[in-house]
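Asker: Quick one: structure below, then a few questions.
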Amino acid sequence: QVRLVESGGGLVQPGGSLRLSCAASGTIFSIYAMGWYRQAPGKQRELVALITSGGMINYADSVKGRFTISRDDAKNTVTLQMNSLKPEDTAVYYCNAKSRSLAYWGQGTQVTVSS
């Protein structure tokens, strides 16, 4: 089992920045990718950013150039730096970890972008 604990999130004005962090514990040797998804009210959960153990990174088109994902293998954490936030970034953000056979999810953290 893998446990994911998220931190960060909150309320920010348009154009502002937030930083999300996710700490993994448990059978983390099985994990080959970690990332962030988000779900806005009435919408499906969507990929925001993903980073593999080999360092490959994938971003949703809507966040390219504004969000940066990074990982610290020594601390078993993945971080999402979000800049130039827009109201349409408002959603619950979920940390995700993937093994070959399972996907693990954090409990989610609310990000609200509003003036």
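The values are calculated or read from the model by the stated rules, or taken from the named source; none is laboratory data. Note that this is a predicted model, so its numbers are computed, not measured. Every residue, glycine as well, gets a Cβ built from its backbone with ideal geometry; the counts of neighbours run over all protein chains shown. Heavy atoms of the whole protein, side chains included, go into the accessibility calculation; ligands, DNA and RNA do not. Shrake-Rupley method; radii C 1.70, N 1.55, O 1.52, S 1.80 Å.
Asker: Can you sort R45, R3 by solvent-accessible area, 1.4 Å probe, largest first?
Answerer: Final ranking, largest accessible area leading: R3, R45.
Asker: Still on this structure, please answer the following. Can you give me the relative contact order of the stretch 1-86 as a percent, contacts being Cα pairs under 8 Å and 6 or more apart?
Answerer: Value for the stretch 1-86: 33 percent.
Asker: Let me ask something else. In debye to the nearest 20, how big a dipole does the stretch 26-110 give about its Cα centre with +1 on each Lys and Arg Cβ and -1 on each Asp and Glu Cβ? Please list the in-between numbers first.
Answerer: Values: 10 positive and 6 negative charges, 18 e Å.
Once rounded to the nearest 20, the dipole reads 80 debye.
Asker: Charges on Cβ only, +1 for Lys and Arg, -1 for Asp and Glu, centred on the Cα centroid of the chain; of T77, F29, S53, which one is farthest towards the dipole's positive end?
Answerer: Going by the Cα projections, it comes out as F29.
Asker: How would Y59, Y93, Y104 line up by accessible area, probe 1.4 Å, largest first?
Answerer: Correct descending sequence by accessible area is Y59, Y104, Y93.
Asker: Another one. I need two numbers for the chain: Rg to one decimal and Dmax as a whole number, Cα atoms only, in Å.
Answerer: 13.4, 42
Asker: Here is a follow-up. Would you please calculate the Kirkwood hydrodynamic radius of the stretch 1-63 over all C-alpha pairs and express it in Å, rounded to one decimal?
Answerer: 13.6 Å
Asker: Considering amide H positions built from the backbone, and no H for Pro or chain starts, which residues 5 or more places from T27, or on another chain, come under 5 Å of its amide H?
Answerer: Here the answer is V2, R3, since their amide H atoms fall under 5 Å of that of T27.
Asker: How much accessible area per residue does the stretch 5-115 have, in Å², with a 1.4 Å probe?
Answerer: Values: 5910 Å² over 111 residues.
Spelled out: the 1.4 Å probe surface of the stretch 5-115, per residue, equals 53 Å².
Asker: Whole-Hz ³J(HN,Hα) for each residue in the stretch 46-54, computed from phi via Karplus 6.51 cos²θ - 1.76 cosθ + 1.60 with θ = phi - 60°, x for glycine and proline: what do you get?
Answerer: 10, 5, 9, 7, 9, 10, 8, 5, x
Asker: Could I ask something else about it? With all protein chains present, how much of the accessible area of the chain (probe radius 1.4 Å) comes from carbon and sulfur, to the nearest whole percent?
Answerer: Carbon-and-sulfur percentage of accessible area, whole number: 49.
Asker: Rank these residues by their accessible area, most exposed first, probe 1.4 Å: E6, E88.
Answerer: E88, E6
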